[in-house]
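A.B. asks: My questions all concern the structure below.
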Amino acid sequence: MKMKKYTADTMVEAMKKVRADLGDDAVILSSNVVTTKGFLGFFQKKSVEVVAGFDEPASFQKESVLSSKPAPTMEEVRNDDAELRKEMVEMKRLLQEMKQSSIFENFPDDLKVFLTYLADQELSQHLILQIGNEIFTKMKEEKKDFSRAEQLQIAKNVLAEQFSELPFGGISFSKKYINVLGPTGVGKTTTIAKIAARALLEHKKKIGFITTDTYRIAAIEQLRTYANLLQAPVEIAYNSKDFEEAIAKMADRDLIFIDTAGRNYKEMKFVNDLKHLIDFSLDMESFLVLSVTSKEDDMRTIIEKFTSFPIEKFIFTKVDETGSIGPMFNLMKQYSIGTAYYTDGQEVPEDIVEVDIDKMLKLLLAGAEHA
Ligand SMILES: Nc1nc2c(ncn2[C@@H]2O[C@H](COP(=O)(O)OP(=O)(O)OP(=O)(O)O)[C@@H](O)[C@H]2O)c(=O)[nH]1
Ligand SMILES: [Mg+2]
């Protein structure tokens with residue numbers, strides 16, 4: 001790969017030059033804002049310096065292949081490989097940074113700070129731009145800058161509008177069976193215990209538990225501990241016949257909470273096992289539990305494995321363990337699925353919040369006032 005440096009007044013200009021000169025296949029290796037000194041230090045000028053990389057034309061490559069060069073050793077190949085991978089990661093990061101700063105380029109500085117806060121929360125660029133554009137348009141209309149409080153209010157309105165069609169809120173109490181699904185260790189058992197405890201303590205419901213998590217011995221004991229505390233019965237279902245029997249045994253209960261095993265649901269086999277074990281045609285609400293400490297892409301993979309399940313809403317856990325709240329919004333938007341609860345700690349039954357859009361917005365924007 002060869003490199004060439006370009007200087008221009010703006011990033012857009014620089015990119016134009018690179019493209020005109022090297023074509024679309026060129027890659028940006030670095031970019032810098034440089035200040036050139038003017039006469040006696042006056043008339044300073046800011047410009048953008050971009051280093052672009054491009055491949056040599058095929059004819060050159062052929063020559064170098066033909067010229068008798070000794071073949072690289074395995075060690076050299078490995079080093080080159082590692083070096084290349086490092087460069088690619090760095091390039092990706094730079095591109096991401098550039099994309100972001102060029103997208104925000106036109107906004108006033110204080111608005112940029114607010115939008116950067118949202119980007120740090122990992123809210124999708126699409127939603128950030130909608131917020132940014134709305135605030136900026138209003139600023140121009142009213143011919144004045146907005147305080148952060150005013151910016152926040154507009155952001156809230158934009159997001160509330162964006163999510164107005166989605167359902168929020170906890171269990172409906174109109175369906176007898178409540179079931180939690182999701183990957184390993186996200187907090188399914190803890191969360192179902194929290195919800196069940198509230199149904200008993202606050203709503204005076206007769207509750208019962210079924211666990212289909214027979215994969216780990218400790219899992220049964222974990223649920224039994226919570227059930228004992230709540231003086232509620234627990235049935236264990238190893239197969240679909242057990243499940244049917246458990247349902248029959250608990251006929252007198254108002255609400256039955258069904259815990260499932262956390263498995264690697266990237267494997268379709270485990271997803272299908274669930275379908276055979278649990279009778280989803282019952283009067284049932286199913287919640288997909290996701291931990292916000294997971295990577296957004298991994299959460300997407302899981303959601304896509306569960307598209308054939310009747311997922312009522314998401315439950316997001318471990319909100320206390322992350323600084324990025326945005327993915328909850330991104331996923332709700334992408335899959336048109338609302339949220340029932342978020343959980344923010346290990347204490348049962350305290351650490352759970354039944355949400356509406358206002359509560360979720362509060363969580364997202366909590367640090368924005370002083371950003
Ligand atoms: N910090 C924090 N920890 C949580 C939260 N919810 C659950 N946990 C913890 O996460 C760990 C796993 O919780 P479980 O409820 O056993 O998770 P699970 O999804 O049932 O796990 P498997 O059944 O093994 O798939 C426990 O240590 C919980 O205390 C939360 O909101 N915040
Ligand atoms: Mg569990």
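The values are calculated or read from the model by the stated rules, or taken from the named source; none is laboratory data. Only a predicted model underlies this, so the values are computations on that prediction, with no experimental measurement involved. Note that each Cβ is placed from the backbone with ideal geometry, even for glycine, and that neighbours are counted across all protein chains shown.
A.B. asks: Has region 174-191 got any residue that is surrounded by fewer than 23 Cβ atoms within 10 Å (Cβ to Cβ), among the polar types (S, T, N, Q) and farther than 26 Å from VAL271 by Cβ?
C.D. replies: Within region 174-191 (the criterion being surrounded by fewer than 23 Cβ atoms within 10 Å (Cβ to Cβ), among the polar types (S, T, N, Q) and farther than 26 Å from VAL271 by Cβ), the answer is yes, since at least one residue qualifies.
A.B. asks: Additional query: Among the candidates THR317, THR212, THR225, THR260, single out the residue that is under 23 Å from LEU166 (Cα atoms), within 15 Å of ligand 1 (Cβ to nearest atom) and of a type in the set (Ser, Thr, Tyr).
C.D. replies: After ruling out the rest, the residue left standing is THR317.
Table: residues versus (1) away from ligand 2 (no atom under 16 Å from the Cβ); (2) in contact (Cβ under 8 Å) with a residue 24 or more places away in the chain.
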{"residue": "PHE107", "(1), (2)": "yes, yes"}
{"residue": "TYR117", "(1), (2)": "yes, yes"}
{"residue": "ASP120", "(1), (2)": "yes, yes"}
{"residue": "ASN133", "(1), (2)": "yes, no"}
{"residue": "LYS156", "(1), (2)": "yes, yes"}
{"residue": "GLY187", "(1), (2)": "no, yes"}
{"residue": "LEU200", "(1), (2)": "yes, yes"}
{"residue": "ILE207", "(1), (2)": "yes, yes"}
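A.B. asks: Filter region 1-39 down to residues that are at pLDDT 75 or above, more than 31 Å from the chain's Cα centre (by Cα) and part of a helix (DSSP H, G or I), then give me how many there are.
C.D. replies: 9
A.B. asks: Among the residues of region 167-185, write down those that are within 9 Å of ligand 2 (Cβ to nearest atom), out of contact with any helix residue (DSSP H, G or I) (no Cβ under 8 Å at 6 or more places or on another chain) and not hydroxyl-bearing (Ser, Thr, Tyr).
C.D. replies: GLY185
A.B. asks: So the check is Cβ under 6 Å with 6+ separation or different chains; which pairs have a first residue in region 237-264 that's closer than 25 Å to VAL186 by Cβ and a second one that's of a type in the set (S, T, N, Q) and within 16 Å of ligand 2 (Cβ to nearest atom)?
C.D. replies: From residues that are closer than 25 Å to VAL186 by Cβ, the pairs are ALA237/THR212; TYR238/THR214; ILE258/ASN179; ASP259/THR189; ASP259/THR211; THR260/THR212; GLY262/THR184.
A.B. asks: Please work out which residue is surrounded by the most Cβ atoms within 10 Å (Cβ to Cβ), limiting yourself to region 112-157 and to residues that are outside any helix (DSSP H, G or I) and among the hydroxyl-bearing types (Ser, Thr, Tyr).
C.D. replies: In this case the residue turns out to be SER124.
A.B. asks: Go through region 164-209 residue by residue and tally those that are away from ligand 1 (no atom under 13 Å from the Cβ), not in a loop (DSSP other than H, G, I, E, B) and not aliphatic (A, V, I, L, M).
C.D. replies: Selection size over region 164-209: 4.
A.B. asks: Among the residues of region 230-257 satisfying the criterion of being within 16 Å of ligand 2 (Cβ to nearest atom) and out of contact with any Ser or Thr (no Cβ under 7 Å at 6 or more places or on another chain), which is nearest to PRO183 (Cα to Cα)?
C.D. replies: Among residues in region 230-257 that are within 16 Å of ligand 2 (Cβ to nearest atom) and out of contact with any Ser or Thr (no Cβ under 7 Å at 6 or more places or on another chain), the one nearest to PRO183 (Cα to Cα) is PHE257.
A.B. asks: Still on this model: Search region 218-268 for residues being under 32 Å from the mean Cα position of the chain (by Cα) and of a type in the set (Phe, Trp, Tyr), and hand back the single one that is farthest from SER286 (Cα to Cα).
C.D. replies: TYR226
A.B. asks: Quick check: is even one residue across region 354-371 within 16 Å of ligand 2 (Cβ to nearest atom) and of a type in the set (Val, Ile, Thr)?
C.D. replies: no
A.B. asks: While we're looking at this one, here's another question. (1) farther than 21 Å from ALA193 by Cα; (2) within 28 Å of the chain's Cα centre (by Cα): which one isn't true of PHE287, the others all being true?
C.D. replies: Answer for PHE287: the failing condition is (1).
A.B. asks: Of the residues in region 243-257, how many are closer than 19 Å to ARG216 by Cα and either within 16 Å of ligand 1 (Cβ to nearest atom) or out of contact with any strand residue (DSSP E or B) (no Cβ under 8 Å at 6 or more places or on another chain) (or both)?
C.D. replies: Adding up the residues that qualify gives 1.
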